[in-house]
Amino acid sequence: MAASIRIGRIFGIPIYMHLTFLIILPLFIYIFSAPPNQVTVFGIPLSFKDLQVADWVKYAWGTVATVLFFVTVLLHEFAHSYLALKYGVKIKRITLMIFGGVSEMEEVPRGYGQEWRMAAAGPLTSFVIGAASYFGWYALGLVANPPMVITALSVLFGVMAIYSLLLAGFNFIPAFPMDGGRVLRSLFAERMPFLEATRRAARIGRYFAIGMSIFGILTLNFFFIIIALFVYIGATEEEQSTAISESLHGTPVGKIMTTDVQVVHPDTTIHQLNDLMLSTKHMGFPVVDRGLVGIVTLTDTHKVSRDRLEHMNVADIMTRNVITVPPDMDSAKALNIMLEHRISRLVVLQGQVIVGIITQKDFLRAVNTLALQKQTARWGEQFSQQPPVTPPV
């Protein structure tokens, strides 16, 4: 995610914080500390508002509650990540964001029951935390004439109990990108192809989002409308990304790459490079000098002022750390590499020899071609199953 900053690494997994998290953090501190009205759920206060202490102490406890709550969000995501690693799936990162957290994985586990177990692990972890916090709140409530610290701890346990249980319940909603949507897809996938299972789960997610948005409009609850939009977009994006990856899955890079590769030398001037881009209509080139030494794109040329075009060479602006793929790599995996690194092209190497280049246009063309081939194959099957027509005598 481009709008994320790295805050650390735990057990080898990078932890990122999305910029939207900075919006929700002070809001949670305020809600936990001293909101306008005290809210109770099943007799449990959800803030330190009624604590008979100075406001700064309330805000200190509210800050502790906020930090602990997002620690539970991290534990929720670690539960997903633990099972994913157990199933051999690499975790790219965990990102904290406005609606909680998300674990980014290289691929979705396809083994029997793996996805639903992995998806359910997070909400179940939040449920266990919520249940344990509830018993902590209940136990401290039995203390007679408790001092302020015990009262504050009781509120803290109560806040953790309710919000952890809400987190578990929210994530069990059967709609992408929540965990419940992935559980639903996994159950569908046991009886039908993975892509069709994704489409069904995404459709249910969109129906749920529409219903939630109608409820939000009727009750004038802007928060429900935002959640509905989040769910609708998440379900649609999951369906689209799965359709693309499923179309490419099983097709090697060598089948869809461009083999006629134009290269440039490090000593090529930026002015010459711009002329080459105009004449070939290519926006990037591998840089070769006794082997691959870099890659240069139109974006790199924008870093150079016009008065320096004749005095700077490709070697001055090229990217030296080139990401390459072999021709036998699965195209779906190559696309994930391109998206992960936010680049527009990949150089295809066979050993140390450049045998092709693959761009976003190549992936798009391949998806459209493969979809057409599958559709044509389905039409052929349907036609072959039709009974022969006997001409009238």
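The values are calculated or read from the model by the stated rules, or taken from the named source; none is laboratory data. This is a predicted model, so every value here is computed, not measured. Don't worry about glycine lacking a Cβ; one is built from the backbone with ideal geometry, like all the others, and counts go over all protein chains shown.
Please verify whether the stretch 92-108 includes one or more residues that are assigned to a helix (DSSP H, G or I) and closer than 22 Å to PHE170 by Cα.
no
Name the one entry in VAL347, VAL304, VAL355 that is of a type in the set (A, V, I, L, M, F, W, C) and farther than 28 Å from HIS249 by Cβ. Before the answer, list the steps.
Working: VAL347 fails: farther than 28 Å from HIS249 by Cβ; VAL355 fails: farther than 28 Å from HIS249 by Cβ.
The unique qualifying residue is VAL304.
I'd like the residue in the stretch 11-33 that is of a type in the set (A, V, I, L, M, F, W, C) and in contact with a Leu (Cβ under 8 Å, 6 or more places away or on another chain) and, out of all such residues, is farthest from TRP56 (Cα to Cα). Lay out the reasoning, then the answer.
Just the residues of the stretch 11-33 that are of a type in the set (A, V, I, L, M, F, W, C), to begin with: 11, 13, 15, 17, 19, 21-25, 27-29, 31-32.
Checking which are in contact with a Leu (Cβ under 8 Å, 6 or more places away or on another chain) leaves us with 15, 17, 21, 31-32.
Numbers: ILE15: 30, MET17: 26, PHE21: 23, ILE31: 14, PHE32: 13 Å.
Here the answer is ILE15.
Could you list, in sequence order, all residues of the stretch 323-342 that are within 13 Å of ASP362 (Cβ to Cβ) and either of a type in the set (S, T, N, Q) or in contact with a His (Cβ under 7 Å, 6 or more places away or on another chain) (or both)?
Once the filter is applied, which keeps residues that are within 13 Å of ASP362 (Cβ to Cβ) and either of a type in the set (S, T, N, Q) or in contact with a His (Cβ under 7 Å, 6 or more places away or on another chain) (or both), the stretch 323-342 yields only SER331.
Of the conditions (1) buried (at least 21 other Cβ atoms within 10 Å of the Cβ); (2) among the hydrophobic types (A, V, I, L, M, F, W, C); (3) over 20 Å from the mean Cα position of the chain (by Cα), ILE150 clears all except one; give me its number.
Against the list (1) buried (at least 21 other Cβ atoms within 10 Å of the Cβ); (2) among the hydrophobic types (A, V, I, L, M, F, W, C); (3) over 20 Å from the mean Cα position of the chain (by Cα), ILE150 comes up short only on (1).
Tell me the residue from MET277, MET318, MET257, MET312 that is within 28 Å of PRO193 (Cα to Cα) and surrounded by 15 or more Cβ atoms within 10 Å (Cβ to Cβ), please. Please lay out each step first, then the result.
Numbers: MET277 fails: within 28 Å of PRO193 (Cα to Cα); MET318 fails: within 28 Å of PRO193 (Cα to Cα); MET312 fails: within 28 Å of PRO193 (Cα to Cα).
Result of the check over MET277, MET318, MET257, MET312: MET257.
Count, please, the residues in the stretch 324-358 that happen to be under 22 Å from the mean Cα position of the chain (by Cα), β-branched (Val, Ile, Thr) and more than 18 Å from GLU107 (Cβ to Cβ).
1
In the stretch 227-277, which residue that is of a type in the set (A, V, I, L, M, F, W, C), closer than 23 Å to THR369 by Cβ and part of a helix (DSSP H, G or I) is farthest from the chain's Cα centre (by Cα)? First the steps, then the outcome.
Of the stretch 227-277, the ones of a type in the set (A, V, I, L, M, F, W, C) are 227-231, 233, 235, 243-244, 248, 253, 256-257, 261, 263-264, 270, 273, 276-277.
Narrowing further to those that are closer than 23 Å to THR369 by Cβ: 243-244, 248, 253, 256-257, 261.
Among the residues that remain, those that are also part of a helix (DSSP H, G or I) are: 243-244, 248, 253, 256.
Details: ALA243: 16, ILE244: 15, LEU248: 19, VAL253: 24, ILE256: 26 Å.
Residue satisfying both the conditions and the ranking: ILE256.
Before we move on, is PRO123 out of contact with any Cys (no Cβ under 8 Å at 6 or more places or on another chain) and part of a loop (DSSP other than H, G, I, E, B)?
no
Which is farther than 19 Å from LEU68 by Cβ and either modelled with pLDDT of 85 or more or not in a strand (DSSP E or B) (or both), of PRO36, PRO26?
Details: PRO26 fails: farther than 19 Å from LEU68 by Cβ.
PRO36 is the lone residue from the list that is farther than 19 Å from LEU68 by Cβ and either modelled with pLDDT of 85 or more or not in a strand (DSSP E or B) (or both).
Only one of LEU229, LEU248, LEU167 is in contact with a Gly (Cβ under 9 Å, 6 or more places away or on another chain) and of a type in the set (A, V, I, L, M, F, W, C); which? Lay out the reasoning, then the answer.
Working: LEU229 fails: in contact with a Gly (Cβ under 9 Å, 6 or more places away or on another chain); LEU248 fails: in contact with a Gly (Cβ under 9 Å, 6 or more places away or on another chain).
Checking each option against the conditions leaves just LEU167.
Which residue pairs have Cβ atoms closer than 9 Å, lie 6 or more positions apart in sequence or on different chains, and pair a first residue in the stretch 258-274 that is more than 11 Å from THR301 (Cα to Cα) with a second residue that is among the aromatic types (Phe, Trp, Tyr)?
VAL261/PHE285; GLN262/PHE285; VAL263/PHE285; VAL264/PHE285; THR268/PHE285
ALA139 is checked against (1) touching a residue at least 60 places away in the same chain (Cβ under 8 Å); (2) closer than 18 Å to PRO45 by Cα and fails just one. What number does that condition carry?
Answer for ALA139: the failing condition is (1).
Which of the residues spanning the stretch 197-239 are among the aliphatic types (A, V, I, L, M), closer than 18 Å to MET97 by Cβ and surrounded by fewer than 17 Cβ atoms within 10 Å (Cβ to Cβ)?
Scanning the stretch 197-239 gives ILE226, LEU229, ILE233.
Quick one: which of PHE70, PHE48 is of a type in the set (Phe, Trp, Tyr), closer than 19 Å to LEU166 by Cβ and assigned to a loop (DSSP other than H, G, I, E, B)?
Details: PHE70 fails: assigned to a loop (DSSP other than H, G, I, E, B).
After applying the criteria, what remains is PHE48.
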